């Protein structure tokens, strides 16, 4: 196992999203990231549960990269949660197998950061709006790390998008090192 | 052995049919040839398992031909028949006329009396309805232009038998003790005509107004065998009536079929009769094979072979010129002409009749009978030669102009085969702005889709040049939607060899065909029935009370796992372990469907039970407060919204 980071890409119209393409582009050469394009894998929403669970078990940091549809995610990610985070796997008897792993939401939002404040038209911060994910991770014993948010993803210049994408890459790199994702690999190699 | 009972005879014929036809089919010769060869082998001149009473059996078996025409009539609504009047009268009429004249001239060259020559010309101008139609339908050619035209000609010939029977006694040159005739030729001509008119009107009127209530009444008994018996009785009555007045029973049956084509019992009639028809027709072919007189053939083989060749060649030439005149495409022309270039079963009857009436001598007739029978036996062979050798030759090389010039060649997708299947694929692609070049080999289909404003091109996709003209060099993909495995494989191989950049998406009949296509190099193979069967399965589950989503999931699961298994098993396809592995997989699939995670157990809603990871692990104080939040979600929600 060489990849330690699983990037679940969840975007129904990825081909038209500059921001998400740029983000993916930016991390393309990180050899320890495994990209799993959910809409490409499951166009009919027929999720291969065993495959998804195995991918989770094989990785330490799980990224969910998605647009911030209706203050949440595209529907396939919800279906993914309902099916993959099953009893006996993610929780309940024989569950909690994901405990100790890290959960990261990497989202692209159309509006500006100011709108996600009590006086902005979106009223709540993205941190607050992402609480269901945070609580889900928490319930499964996973550690929810500070989300990555690209604001105004559709309106900022290409250059700005690329800059944001670079920030995304840096964030993942820093997480990869600070979270000590490679420790058990080193152990394996040592033994 | 010849006196042996009915059961023994039935045994011989059935055994010959089973052995002969199954072998012929497996080596690709078609059933007709199988029957004919089986007949020759059991006939009096080879094994002698059946005796000289073959003629009687043949007469009985001709009933199969009658039934065949009845069934064809059932498929042909009067309107369609009316639309065919031009080919029937024009093509058929000219064929009979010109062939008769040419054969007559040839006979005159042998210093025959002109009356004899005319009789021979007329009789030999006829072709074999039974062999032609059976062979064409087996090859799926009846719906093509060639098939339809051939049918039209045969229909005219059947009608032409009537005046021939009337005319023959007038051509007598030899002394006969008593003039024998079929039917009521001793009647005055006008009486005869009136009788014919009466019987035909009778058939039409009865078919129109009496048969329906009759079948309705019979159908209500709920006894299938009585229904079938009634159907048989109907055809039999027509046969007897027609024979009584000296008309072709096949023609009468055909007429009755047409009259009944619009009745609601049409399909019942078809289903009831089709087995009898096939068996009797088979028996008929066997008797044709058995009646070939090898003694005469052996006595003068060269004469007979020469006569037969002459007959076939003359017929071919006439047919080809006519087909050209009627603007058939070259390939259709060849199929049409090769199909009809033989003598027919009517010749046997007419020859005997001619001898009885002192028109022809016994000697000539026995010779010509062999010629006709041989030419009939040769028809399936001729058609095979035509299809396997001549047509492919035509498609290649210089005759390319025969195909439509494809003008929008620069399209990204070629769709080969524009039937129902290809249409759906193409419409989906076009809806997304992809241009598709449509190639179709069935002229009828092309005309049909033209009415809906779609242009499909006539062309044989198994021809490299046609593919090239359609833009295979620049296209990105070819969709092979032809429903013929042999052709599909050929196209796949052609594309792999000459257009390796093309993505090949192809349609397969079943698993076996799918494996073969994969092996040949197709990128994606779809079994043609899988999608629709899965959807039907899904709907069936719904019909049994499943909620739609669960039905959908089960069907989708089947689709995914079955497709995956196909991929996996493709590697062992052909090996001994295949069957074992396939059975294993099938079992696995059932297990998976039974245990579909979403449906099998009601999801325990984790967030409603106050046990989370921390508590399981000994608990941290944080979760307590979380729990409180969760227990009053409604309050919180209303606070927020207010």
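Only Cα pairs under 8 Å and at least 6 apart count here; give the relative contact order of chain B as a rounded whole percent. Could the numbers behind the result be given before it?
On the way: 861 pairs, mean separation 90.6, N = 642.
This gives 14 percent for chain B.
Arrange A:140, B:495, B:386 by Cβ neighbour counts within 10 Å, fewest through most, would you? It would help to have the intermediate numbers written out before the result.
Numbers: A:140 22, B:495 28, B:386 19.
Fewest to most other Cβ atoms nearby, the residues stand as B:386, A:140, B:495.
In terms of the Cα gyration tensor, with a ≥ b ≥ c the square roots of its eigenvalues, is the protein assembly as shown rounded because a/c is under 1.5, prolate because a/b exceeds b/c, or oblate?
prolate
If one computes the Cα centroid of segment A:18-88 and of segment B:281-303, what distance in Å separates the two points?
About 76 Å separates the Cα centre of segment A:18-88 from the one of segment B:281-303.
How far apart, in nm, are the 7 Å Cα→Cβ label points at residue B:85 and residue A:121?
My value for the distance between the label points is 7.4 nm.
Shape call for chain B from the C-alpha gyration tensor, a ≥ b ≥ c root eigenvalues: rounded (a/c under 1.5), prolate (a/b greater than b/c) or oblate?
It comes out prolate by the Cα gyration axes.
Rounded to the nearest 500, what is the protein assembly as shown's calculated 222 nm mean residue ellipticity when only DSSP H runs of at least 4 contribute -39500 (n - 2.57) each, over all residues? Please list the in-between numbers first.
On the way: 39 runs with 500 residues, N = 833.
Taking each H run of at least 4 residues, the total per residue is -19000 deg cm²/dmol.
Ranking A:148, B:524 by Cβ neighbours within 10 Å, fewest first, what do you get? List each step's numbers first, then the result.
Numbers: A:148 19, B:524 12.
Least crowded to most crowded, the residues run B:524, A:148.
Express in whole angstrom the spacing between the alpha-carbon centres of segment B:208-249 and segment B:107-174.
29 Å
What are the semi-axes of the equivalent ellipsoid for segment B:408-599, taken as the square roots of 5 times the Cα gyration tensor eigenvalues, largest first, in whole Å?
Ellipsoid semi-axes (Å, largest first): 34, 22, 13.
Using a Förster radius of 51 Å, what is the FRET efficiency between residue B:381 and residue B:432 based on their Cβ-Cβ separation? Nearest 0.05, please.
0.55
Could you work out how far helix B:330-340 tilts from the main Cα principal axis of chain B, as a 0 to 90 degree angle to the nearest 10?
In chain B, helix B:330-340 runs at an angle near 50 degrees to the longest axis.
Mind checking A:42-48 for the average number of partner chain beta-carbons within 10 Å of each residue's beta-carbon?
On the way: counts 1, 0, 4, 3, 7, 2, 2.
Across the residues of A:42-48, the mean count of other-chain Cβ atoms within 10 Å is 3.
Ignore the peptide's own chain and count Cβ atoms of other chains within 10 Å of each Cβ in B:556-564; give me the average, rounded.
1
With a 10 Å Cβ neighbour count serving as the proxy for reagent exposure, in which order, fewest first, do A:29, A:37 appear? Could the numbers behind the result be given before it?
Values: A:29 8, A:37 15.
Taking fewest neighbouring Cβ atoms as first place, the list is A:29, A:37.
What average number of partner chain Cβ atoms lie no more than 10 Å from the Cβ of the residues making up A:130-142? Each step should come with its number before you reach the end.
Working: counts 0, 1, 1, 0, 0, 5, 2, 1, 6, 9, 3, 5, 1.
Other-chain Cβ atoms within 10 Å of each residue's Cβ, averaged: 3.
By how many degrees, between 0 and 90 and to the nearest 10, does the Cα long axis of helix A:49-58 differ from the longest principal axis of chain A?
Value to nearest ten degrees: 80.
Once you order the gyration tensor axes a ≥ b ≥ c over the Cα atoms, which shape class does segment B:429-469 get: rounded for a/c under 1.5, otherwise prolate or oblate by comparing a/b with b/c?
Oblate, since a/c reaches 1.5 and b/c is not below a/b.
If one takes the longest principal axis of the Cα atoms in chain A, at what angle in degrees, from 0 to 90 and to the nearest 10, does the Cα axis of helix A:18-27 lie?
40 degrees
Taking the Cα centroid of segment B:523-556 and of segment B:21-74, what is the distance between the two, rounded to the nearest whole Å?
Spelled out, the Cα-based centre of one part sits 45 Å from the other.
Based on alpha-carbon atoms only, what is the radius of gyration of segment A:35-115 relative to the globular estimate 2.2 N^0.38 Å?
1.19
Just want to confirm a number: the relative contact order over segment B:408-599, from Cα pairs under 8 angstrom separated by 6+ residues, in percent.
Normalised by residue count, the contact order of segment B:408-599 is 15 percent.
Bear in mind that the values in this text are calculations on the coordinates, not laboratory data. Because the structure is predicted, anything quoted here is derived from the model rather than measured. Note that each Cβ is placed from the backbone with ideal geometry, even for glycine, and that neighbours are counted across all protein chains shown.
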